[in-house]
1. Looking at the chain only, what percent of DSSP beta bridges run antiparallel? Nearest 5 please.
2. With Rg/Rh (Cα atoms, Kirkwood Rh) defined as stated, name the option among (i) 1.07; (ii) 0.94; (iii) 1.20 computed from the structure displayed.
3. For the charge dipole of segment 29-85, defined by +1 on Lys and Arg C-beta atoms and -1 on Asp and Glu C-beta atoms about the Cα centroid, which residue among Gln66, Gly55, Leu81 has the Cα displaced farthest towards the positive pole?
4. Considering the dipole of segment 197-292 built from charges on the beta carbon (Lys and Arg +1, Asp and Glu -1) around the Cα centre, which of Ser278, Ala201, Asn232 is farthest to its positive end?
5. Which Cα, out of Val311, Trp251, Ala187, lies furthest along the positive dipole direction of the chain (beta carbon charges, K/R +1, D/E -1)?
6. Let a ≥ b ≥ c be the square roots of the eigenvalues of the Cα gyration tensor of segment 72-117; is it rounded (a/c under 1.5), or, if not, prolate (a/b larger than b/c) or oblate?
7. Of all DSSP beta bridges located in segment 138-317, what percent are antiparallel, nearest 5?
8. List the residues whose amide H sits under 5 Å from the amide H of Leu118, counting only those 5 or more places along or on another chain, with H placed 1.01 Å from N in the peptide plane.
Amino acid sequence: MCHRNAPLTPTGRLRLAHLVVDEDWPLRRAAERFQVSHTTAKRWADRYRRLGAAGMHDRSSRPHHQPRRTPADVEDQVVRLRREHRIGPVRLAARTGIAASTAHRILRRHGLPALAMLDRATGEPVRRYERSRPGELVHIDVKKLGRIPDGGGHKALGRAAGRKNQARTGRGYVYLHTALDDHSRLAYTETLPDERADTCAAFLTRATVWFAAHGVTVERVLTDNAWAYTKNTWRDTCHELGIAPRWTRPWRPQTNGKVERFHRTLLDEWAYHQPYTSEPQRQAASPDWLDWYNYHRPHTGISGQTPASRVTNLSGQHT
């Protein structure tokens, strides 16, 4: 590939060589004509004599001999260990006695992707997908979250005082039910007291209404194989709403990875973002964070756009 400031492209090199070789132009005259040095003109003329027009293209800059290159048996060992144990360059380096940077280059040379790009169960590259329009598929999942006792937990009071306060005021959990659109990443979340079948079905009904108010018609929902999503209550509710239910393969949470990743963001940026002193205080901060996520937060999974910007006219309706 030619440098952007290169004076000669392959076509220009061929024209220069043609003048020198076929039309007997002096090297200096041809070099002046194309505004290059006479040594450059000679190089392309000589290559044209040996290789013809095919010699006018760039060659690889890789050296012909690499006496310090890692031995082939070490490379084979690195590749084998990576495939068998799925470990990264640092651990590969410790096992093979080479530098981590060398292990990294070997992995790249053999076309082995980063561990983050591999399926944990099979070791195969993750096949990412995205539906073509909003509402075509909505991911649904539940995240169990420890309730904050009145007065604060360990984040606000420290571990010892937080543990005493929690023992005095009681323990418990809240359940974050989330519906997330596959195409736009637009998200709807409710905090509910449990994850029973009727609770999940009622959440789906409200989520469908919420998406409809935002211009999205839910066509399919994808859930894991949790007990609540396999009961007739869930199936009947989907049928009444005109939604096709889908389920992930057993032991493959990656299939529902978009909503799993959303929950991780939710915990980092809202649930554990600051030391709340009570559960109502944390819940009061939830609507503002969700509004920011949908309308203002750039999403790296959709090229830095906001979820609302991928729904027709939605961003313009927001105030």
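Laboratory data are not the source of any read-out in this text; all were calculated from the coordinates shown. This is a predicted model, so every value here is computed, not measured. Don't worry about glycine lacking a Cβ; one is built from the backbone with ideal geometry, like all the others, and counts go over all protein chains shown.
1. Details: 17 of 23 bridges.
In the chain, approximately 75 percent of DSSP beta bridges are antiparallel ones.
2. Recomputing Rg/Rh (Cα atoms, Kirkwood Rh) here gives the entry labelled (iii).
3. The residue sitting most towards the positive pole is Gly55.
4. Asn232
5. Trp251
6. On the way: a/c = 1.33, a/b = 1.25, b/c = 1.06.
The shape class here is rounded.
7. Once the DSSP bridges in segment 138-317 are tallied, antiparallel ones form about 75 percent.
8. So Leu118 has HN proximity to Val126.
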